[in-house]
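Notes for the one structure printed next.
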Amino acid sequence: MWLVVGVGLEAGDHGNAAVVFASVAFFCYLVAPREHIPRYGLDSKFAVHSHEFLTSIVGATGVPFLQNNKVTVLNNGDEFYPAMLEAIANAKKTITMETYIYWAGQIGRQFALAMADRARAGVSVKLLLDAIGSATIGKEILQILKEGGCEIAWYNRIWLRTMGHFNHRNHRKSLIVDGRVAFTGGAGIGDQWNGDARTKKHWHDIQVHVEGPGAIGLQAGFAQNWLETTGELVSGPGYFPPPDAAGTISTQTILSSPRSASSAVRIMYYLSIMSARKTIYIANPYFIPDDSAVQILVEASQRGVDVKVMVAGIHNDMRISRYAGIHLYGRLLEAGIEIHEYNRTMLHQKTMVVDGIWTTIGTTNFDNRSFALDEESNVCVYDRRLAEQLESIFIEDLRSCKQVILGQWRRRGLKKRVFGATCLFLKEQI
């Protein structure tokens with residue numbers, strides 16, 4: 001569209017304006033996703049409780065389940081930060097971390113000191129930081145890490161040679177210790193995740209702790225991005241140890257990348273929604289479903305599934321994302337889907353529970369940027385106990401929400417309508 005206007009302006013002898021529109025067209029070409037979004041085969045054929053669902057999840061994503069893991073859900077910083085720091089302190093051979101956010105502050109300094117201490121003790125410590133998301137890490141933390149002997153690499157720095165894919169970011173937040181203990185979820189390393197989400201200064205988030213063979217999935221994601229960034233191959237038993245049992249739960253770690261023609265995480269979400277028969281509980285701060293996602297959510301509600309979506313409310317660090325999402329509520333609300341805005345503080349977890357047995361916890365937002373433009377990771381588990389725990393957190397969080405009512409949504413003001421439509425125009429990037 002921009003290019004057509006530019007050509008028209010050039011033909012009309014408006015050279016300067018034509019250059020502006022052509023430049024915008026080139027920028028849009030650079031940032032546009034190349035993913036193939038599922039548009040067909042989105043009918044409901046089998047239930048989450050069926051064997052066909054599990055085999056289809058494996059086949060469609062290309063990711064197997066790994067057995068004999070211990071899996072723990074960690075709710076808010078008061079639970080996950082101490083567990084992560086304890087794992088670092090107990091590291092014997094290796095510590096690897098890739099994260100979109102590592103910011104200056106008390107928590108960042110605490111993690112830096114812990115990792116530097118283990119590096120001085122002979123543990124190999126490698127950190128892969130996103131060049132955009134972690135740009136404010138600060139000199140003090142970098143100095144602590146470097147003086148301690150930690151290796152630091154920056155994912156996708158913006159150079160002329162990377163201009164064609166500068167919009168691809170590493171949105172993962174993974175910590176792996178000795179190849180056996182792993183953490184991932186919505187939280188980066190920053191002070192806003194500290195505490196228990198009781199005040200607006202402390203974000204509400206969830207991490208998953210995997211101990212056992214399942215840690216290899218997140219380690220593989222780190223190894224691939226470390227190789228791409230540094231040229232170094234990560235291998236050996238320190239990173240990929242023998243698969244000793246730690247528990248009884250099977251896990252599936254899905255890695256999504258813009259280098260793929262289709263998002264494995266998007267496929268997992270869509271197939272799970274299509275296979276739901278009783279309940280779908282989605283908690284995600286940035287909820288901007290595409291047409292296919294809206295279709296399968298509406299169809300789930302029409303076949304009697306209780307669909308509840310929890311999003312970040314008045315405390316939201318992405319105003320564009322919030323209003324773009326609000327603009328899309330209509331069809332969902334008309335179909336009887338409940339949308340709840342969490343208003344205690346910033347809600348930042350990315351979780352889904354289906355039919356009380358299938359769960360996913362990870363870094364992926366329910367929007368096109370996460371599905372098509374970012375490196376993401378989600379851990380999936382087929383286990384009733386874990387699902388019940390996540391459902392319990394979800395139900396408790398509903399007490400801090402305001403439900404969106406269809407009539408009120410229809411009466412939203414002109415400003416919200418115009419701003420929402422404008423933001424939605426940028427939905428491929430937010």
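What the table shows:
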quantity	calculated
Residue within segment 88-107 that is within 21 Å of Gly195 (Cβ to Cβ), of a type in the set (D, E, K, R) and surrounded by fewer than 21 Cβ atoms within 10 Å (Cβ to Cβ) present	no
Matching residues in segment 210-252 - criterion: being in a loop (DSSP other than H, G, I, E, B) and under 15 Å from Lys126 (Cα atoms)	Gly231, Glu232, Leu233, Val234, Ser235, Gly236, Gly238, Tyr239, Phe240
Of the criteria (1) touching a residue at least 24 places away in the same chain (Cβ under 8 Å); (2) more than 20 Å from Ala182 (Cα to Cα), which one Leu386 fails	(2)
Failed item in (1) touching a residue at least 40 places away in the same chain (Cβ under 8 Å); (2) in contact with a Leu (Cβ under 7 Å, 6 or more places away or on another chain); (3) surrounded by fewer than 21 Cβ atoms within 10 Å (Cβ to Cβ); (4) not basic (Lys, Arg), with Val294 passing the rest	(1)
Qualifying residue in segment 275-290 (condition: free of Cβ contacts under 8 Å to residues at least 60 places away in the same chain and under 24 Å from Ile37 (Cα atoms))	no
Some residue of segment 196-205 being in the same structural domain as Ala104 (by TED's automatic domain parsing), without any contact (Cβ under 8 Å) to a residue 40 or more places away in the chain and either surrounded by fewer than 17 Cβ atoms within 10 Å (Cβ to Cβ) or not in a helix (DSSP H, G or I) (or both)	no
Members of segment 399-430 that are exposed (fewer than 15 other Cβ atoms within 10 Å of the Cβ) and touching a strand residue (DSSP E or B) at 6+ places or on another chain (Cβ under 8 Å)	Lys402, Gln403
Filter result for Gly304 (at positive phi, assigned by TED's automatic domain parsing to the domain that holds Ser44 and surrounded by fewer than 19 Cβ atoms within 10 Å (Cβ to Cβ))	yes
Meets criteria (closer than 27 Å to Asn69 by Cα and either in the same structural domain as Met97 (by TED's automatic domain parsing) or in contact with an Asp or Glu (Cβ under 6 Å, 6 or more places away or on another chain) (or both)) for Thr359	no
Whichever residue in segment 14-71 is aromatic (Phe, Trp, Tyr) and surrounded by 17 or more Cβ atoms within 10 Å (Cβ to Cβ) and, among such residues, is modelled with the lowest pLDDT	Phe21
Single match in Ile216, Ile189 (criterion: in contact with a Phe, Trp or Tyr (Cβ under 8 Å, 6 or more places away or on another chain) and more than 22 Å from Asn75 (Cα to Cα))	Ile216
Selection within segment 311-366 - in contact with a Leu (Cβ under 7 Å, 6 or more places away or on another chain), β-branched (Val, Ile, Thr) and either at pLDDT below 95 or part of a loop (DSSP other than H, G, I, E, B) (or both)	Ile320, Ile337
Contacts under 7 angstrom Cβ, first residue in segment 115-143 being under 13 Å from Ile189 (Cα atoms), partner part of a loop (DSSP other than H, G, I, E, B) and among the aliphatic types (A, V, I, L, M), 6 or more apart	Leu129/Ile137; Gly133/Ile101; Ser134/Ile101; Thr136/Ala104; Ile137/Ala104; Gly138/Ala104; Ile141/Ala104
Residue in segment 390-407 that is of a type outside the set (A, V, I, L, M, F, W, C) and under 20 Å from the mean Cα position of the chain (by Cα) present	yes
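Here's the yes/no breakdown for (1) under 30 Å from Asn167 (Cβ atoms); (2) part of a helix (DSSP H, G or I); (3) touching a Pro at 6+ places or on another chain (Cβ under 8 Å):
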| site | (1), (2), (3) |
| --- | --- |
| Glu376 | yes, no, no |
| Arg385 | no, yes, no |
| Ile393 | no, yes, no |
| Arg399 | no, yes, no |
| Lys402 | no, no, no |
| Lys416 | yes, yes, no |
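The values are calculated or read from the model by the stated rules, or taken from the named source; none is laboratory data. The shown structure was predicted, so the numbers you read here are calculated from the model rather than taken from an experiment. Ideal geometry is used to build each Cβ from the backbone, glycine not excepted, and the neighbour counts take in all protein chains shown.
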